[in-house]
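Below you'll find the structure, written out as structure tokens, and then a few comments.
The values are calculated or read from the model by the stated rules, or taken from the named source; none is laboratory data. Owing to the predicted nature of the structure, the values given are computational and were not obtained by experimental measurement. A quick note on method: Cβ atoms are made from the backbone with ideal geometry, for glycine too, and the neighbour counts reach across all protein chains shown.
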Amino acid sequence: MFTGIIKTMGRVIALDRKQDTAMITIATPLTHEIHSQVGESIAINGICLTITALSPQGFSAEVMPETMRRTNLGTLQLQSKVNLEPALRATDRLDGHFVLGHVDTTAQVIRRIVDQNALTLTFQIDPAQRAAIVEKGSVAIDGVSLTVTAVTDDTFSVSLIPATQQATTLGQLQLGDESNIETDILGKYILAREAV
């Protein structure tokens, strides 16, 4: 369980792809600062992964085929920056919203507009997934908890304050870039109930 409040950005320093799997190594002081252990969960760009090894530089995690198919991890390159969030502890504050780290799909940036101090990003998304995204509801984009500012049949928009632009990878997104999308778990349960 996560909140979508990114603690830091890390950097990909090793990426070993084999068919539809991968071993990814991230450079970050975070895992040492919070005394992470092998077997613990950590979100990389909003994807809940298990720490499989720790090193002086950071940590490694294995990626299975389902994760490679459903997320943007396959597009990462050496030196790519990634958003990192450790798993929520029961005693932590719940800022953001409930984020499971179970990415639903990816979406492509189709508009990038500077609006005074904000950056508004519009994403094109599969209409089947768009049903779970509502205006003024929550969405996690590359692990970042955000408020939806507008929706159409196959798009949604969010606005980023300067702090979010600087503290996460979202401020660097360009037209055509793919991001991981996790829709709000509460909305998913409501849709599932209505479908029964």
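Filtering the range 85-104 for residues that are within 18 Å of Leu186 (Cβ to Cβ) and in a strand (DSSP E or B) leaves a non-empty set.
A quick yes/no check of all residues on (1) over 26 Å from Ile185 (Cβ atoms); (2) touching a residue at least 24 places away in the same chain (Cβ under 8 Å):
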residue: Gly4; (1), (2): no, yes
residue: Lys18; (1), (2): yes, no
residue: Pro29; (1), (2): yes, yes
residue: Ile34; (1), (2): no, yes
residue: Ile42; (1), (2): no, yes
residue: Ile51; (1), (2): no, no
residue: Ala61; (1), (2): no, yes
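Every condition in (1) surrounded by 12 or more Cβ atoms within 10 Å (Cβ to Cβ); (2) out of contact with any helix residue (DSSP H, G or I) (no Cβ under 7 Å at 6 or more places or on another chain); (3) at pLDDT 95 or above; (4) over 17 Å from Met1 (Cβ atoms) holds for Ile44 except the one numbered (4).
Inside the range 168-184, can you point out the residues that are surrounded by fewer than 17 Cβ atoms within 10 Å (Cβ to Cβ), part of a helix (DSSP H, G or I) and out of contact with any helix residue (DSSP H, G or I) (no Cβ under 6 Å at 6 or more places or on another chain)? Before you say what the answer is, go through the steps one by one.
Filtering the range 168-184 down to residues surrounded by fewer than 17 Cβ atoms within 10 Å (Cβ to Cβ) leaves 171-172, 174-176.
Retained after the next criterion (residues that are part of a helix (DSSP H, G or I)): 171-172.
Within the range 168-184, Gln172 is the sole residue that qualifies.
Within the option set Glu33, Glu85, Glu66, being under 21 Å from Thr183 (Cβ atoms) and loosely packed, with under 14 Cβ neighbours inside 10 Å holds for one residue only, Glu66.
Only one entry of Ile133, Ile141 meets the criterion of being under 14 Å from the mean Cα position of the chain (by Cα), on the phi < 0 side of the Ramachandran plot and not assigned by TED's automatic domain parsing to the domain that holds Pro29, and that entry is Ile141.
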